[in-house]
Structure formats: structure tokens, C-alpha cells
Amino acid sequence: MASYPAELRYTREHEWAKVEGGRARIGITHYAQDQLGDVVFVELPKVGTRVRQTQSFGVVESVKAVSDLFAPLSGEVVEVNQPLTEHPEQVNRDPYGAGWLIVVAISDPKELEQLLSAADYEKFLETAGGSTGD
Amino acid sequence: MAPSDTARLKRTPLHAAHVRLGARMIGFGGWDMPVQYAGIVEEHRTVRTAVGCFDVSHMGEFEFRGPDATRALQRLTTNDVPSLAVGQVQYSLLCYEDGGIVDDLTLYRLAHDDYMMTVNAANIDKDWAWVTGHVEGKVDARNASAETGLIAVQGPKAEGLVGRLTDVDVTAIGYYRFARGRVAGVPAIVSRTGYTGEDGFELYLPASSTEPVWDALLTEGKRDGVGPIGLGARDTLRLEMRYALYGNDIDQTTNPLEAGLGWVVKLPKGDFVGRPAIERVKAEGPIRRLVGFEMVDRAVARHGYRIVRDGAEVGHVTSGSYGPSVDRYIGMGYVTAALAAVGTEIDVEVRGRPQKARVATTPFYAPKVKK
């Protein structure tokens, strides 16, 4: 599996979004989970909450750090990955699969233009590095 | 961290070894130290189930030698120094006149008039100034920190691993006792002490020969499932034991009695620095106490979070994390003395919201140290 799948879109805060029709599945990137280390707690919004692009929608905590989660896209939360409450380590094990965080109904598809392609995200990691509260 | 900051950090004799092992390095108390290698939770489990090696060379070592060494240390530290036998180790404290804690330490009686004191890395300069300012009589004090390496080998397989590499009969060393010998051919103090709740050793070595011993431990220990362990797991391991960490749970503003360290304060021994202030606390009773707590709600308590009850602040969190071996969110903190009983319900304020917690029996983890 590629560290940064080509079908996803990325933020400079190390979230990914996968467009599924009018919805987007959202998670954190391989780089983010690696920098955080063992994730031990995830705090997510409830279904029905409206999240806004670039705004915090939750928190992920590793043994040593607390990090805000920033929404790649605006929209209403329509699904939350409830099993992460009991098994937050899925964020480390499978950040693009079982470790997804929320699904939102996209309110403004134009916002997708703000997001990075996998190639651009990897370029961003090489040049800027990252800050995930490490 | 900016490169200029990293450059100013001090390095232990094992720094190059950590980099070779692919450790993630962080600044800690002025030192560039490994926070993790394979991952904090995995390293934590390695220590609980097999054996782990920690570089703790950043810690400080002071030597006190001379006919007045016992008397001087008796006045300087809170525990009873004359009761310490040659070959024995004592946990103790340095206190200020007002009862606040300068540092916590271990004291080794190397010979009748010869002691070694091990202090926290971040406190070496402060402690050295303090002890040299207070030592009286015929005592030769020496700061041996820079020339001393220190490796902790901790876990159920530690005795077997160290035993295979040394000419010392490690099975004969009791808890909080030490012996001198060679480990991997290098002269060492082999001390049955640690900061994890597991059986294990701390090996004091010449700084220049610390790396070959580290390499020998990791090579010989392969069949035991050995791993290098970073500061991250060192912190979760000690938290499960409710061991205080200086700068987090104890400092110059906390006194030993409220911190639950009254067992290393021997008031009947006579005068020592801080005694009158500590006697007053004892007479009046501490107004707050350091407790261990477990989260009832799902939330992680962190250093500095407020502890509240019925909306009023009753204390603060000093340490908190997920405890991998107890599979709970646990922490330590100061609460008003009336709320210190096990089972007392408290709230920890996490991002502005009160989350239920309960004062817990400690240690959280049942220790496996040698009796």
C-alpha cells in the first residue's frame, strides 16, 4: 500500500479526504499517525454536527501528545467511526482503512480545490516537514 | 525543534547508538534523548514481558568521601544515612529550608566513608550548587556526572541477561542492593534498582566504555526479546507504579509529606535541612495530597489540567496517560486532603469539560521487583 494513496486529497495539517459521491470520508495520514506515535484516544463530533473547512472537529491523543483534527472540507457529519473509541490503535494500524474518523456530506464541492494531491502532499512533507504536535 | 536548539542539547555516551537504532530524539532536561524506538506501547510491553535497556546516562552522580561524609549527608538528605549498610541503596530527598523538594535521589554506600548520590538530569547543576553549599566537615565532594554512564536493564528477563554478561552473582543481589564487578568486561556497579516496577538492574559504567556494554546487552539479549526503551515508555512504566517524576509530580513547591514521600523523611534522626518546616506540616497535617486516580469517563488527563468537584477547583493533574499494562487512563495529581481517600469521586477538566475520575489504589500495576 502506498503511504499516500493517489485517490485521496490531503491537507497541510495531515488529514486526508476520500470523495464518495457527495460525501467525503476523512482521516489522518500515515505521516500524522507516525509522528503522533501510539494513538490512545480519539474524540470525534456527533452525527449531525456541522464541521467547517480548516476548523477543528475533534482531537486525537497519543501517549505523549494531544493534537487537534482539522476538517479538510465543510459539511454535516453523517457517520462517525465509533469502534475507534474502544480501539484507537486502528488509527496507527490502518490510517486509510479501519482508522477513518468521520464521513461528512460535502456542502461546498469547490473546497476540494484547496486540497493537495498525493504528489503535492508528499512534496509538502519533503520541503516543509510537518507539525503534528510531536 | 530548530537545529540551533538541538545543537545546544547535551549528549550521552550512547547518543550515536540511539541514532543508529533509528530512535526519535527529543530535548529532555537539556539533553538530546531517545523518546522512542519501536513505539512507546510496544516498548512498555517489552519491559513488562521480556527485558528492556534504557540509556539513563543523563542522570547525575555525585561522590562524597571522607570521615565526615555520613554526618554531612545525614544533614543534607531526609532519610537516615547511618542506617544504610555498605552495599545498600537508599531512596531519599534533598529539601529546601521551607520543606520544598530540591530533588529526589538514590544514595549508595560504597564504603564506610564513601557514598555516591544519583540525581535527576535536569537538576545536576542546581543540586551540585546546593550540596556543595551545604556540605560541612571533612568531606571530599566530586561531581562525576560527565564521566559516568548509566544503563537500566529492566524486566523479567533482566536477571538472566545481566547474569550472562557479568562475573557478579546477580542472584545474590537483593532489591536496593548493589555489587561491583565487570559487565561485558567493563568495570561496573551493578545495582538492583529501577523505575519501572519490574525486577532489574542499573549499571553504572565509565562513560567511555558505556557503548560496548549497551551493544553487548542488545546482542546477548536477542534471545530474551530485548529492546531499547525510550523516555516515552519510561514515563508510562513509572506512572503505572505511581513513582513521582521531579518537575511533574514533585518540585520546589511541594513538600515530601503531601507528595506521599513521608516514608523517606526520618524526623527522629535529628536535624537536617528542611526539618523544622516538614515538622510543622506533619503537626498541622498536609493541606493537599498527591493521589493516583483513574478516569471513569473516557478521557486522558494531562499535566496541568484542573481537578474540580461540584464545579470548584480542588487540585490539579501532575501526570497522566494511558497505562498500557493496566489498560486504563490513569494519572496523578494533588487534591485537597479531604478528597484523598481511595474511591473519592473527582472530575478532571479536559478541554473545558469535567470528566469523571476516581481516586485509585496505587500502584496501578502490581510490582514484580525482587523482594
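The table for this structure:
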read-out: Rh by Kirkwood over Cα pairs, then Stokes-Einstein D for the range B:287-371 at 1.306 mPa s and 10 °C, µm²/s; value: 125
read-out: Choice from B:Val162, B:Val41, B:Val291 with maximal GNM fluctuation in chain B (Cα, 10 Å cutoff); value: B:Val41
read-out: Helical mean residue ellipticity (222 nm; -39500 (n - 2.57) per DSSP H run of 4+; nearest 500) of the protein assembly as shown; value: -5500 deg cm²/dmol
read-out: Test item: Cα-centred dipole of the range A:9-128, Lys/Arg +1 and Asp/Glu -1 on Cβ, debye; value: 280
read-out: Viscosity 0.890 mPa s, 25 °C: Kirkwood-radius Stokes-Einstein D of the protein assembly as shown over Cα pairs, µm²/s; value: 99
read-out: q = 0.10, 0.12 Å⁻¹, the range A:9-128: log10 I(q)/I(0) [Debye, one scatterer per Cα]; value: -0.26, -0.38
read-out: Semi-axis lengths, Å, chain B, gyration tensor of Cα atoms, sqrt of 5 times eigenvalues; value: 31, 28, 19
read-out: For the range B:94-224: rounded, prolate or oblate by the Cα gyration tensor [a/c cutoff 1.5]; value: prolate
read-out: Gaussian network model of chain A, Cα within-10 Å springs - most flexible of A:Val47, A:Val63, A:Val103; value: A:Val63
read-out: Spatially proximal lysines relative to B:Lys269 (Cα-Cα < 25 Å; intrachain offsets below 8 disregarded); value: B:Lys138, B:Lys282
read-out: Order of A:Val104, B:Val153 - criterion: other Cβ atoms within 10 Å of each residue's Cβ, fewest first; value: A:Val104, B:Val153
read-out: Candidates B:Thr210, B:Thr78, B:Thr253: whichever shows maximal mean-square fluctuation once chain B is modelled as a Gaussian network with Cα springs under 10 Å; value: B:Thr253
read-out: Those GluC sites (Glu not before Pro) in the range A:82-131 that DSSP places in a loop and that have at most 10 other beta carbons within 10 Å; value: A:Glu86
read-out: Cα centroid separation - the range B:1-74 against the range A:52-78, whole Å; value: 34
read-out: Candidate aspartates and glutamates - alpha carbon under 19 Å from B:Lys10, same-chain residues fewer than 8 apart omitted; value: B:Asp32, B:Asp55, B:Glu61, B:Asp125, B:Asp127, B:Glu147, B:Glu211
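Computed from the coordinates by the stated procedures, all read-outs in this text should not be read as laboratory data. Values in this document were obtained by computation on a predicted structure and should not be read as measured data. Note: ideal-geometry Cβ built from the backbone for every residue, glycine included; neighbour counts use all protein chains shown.
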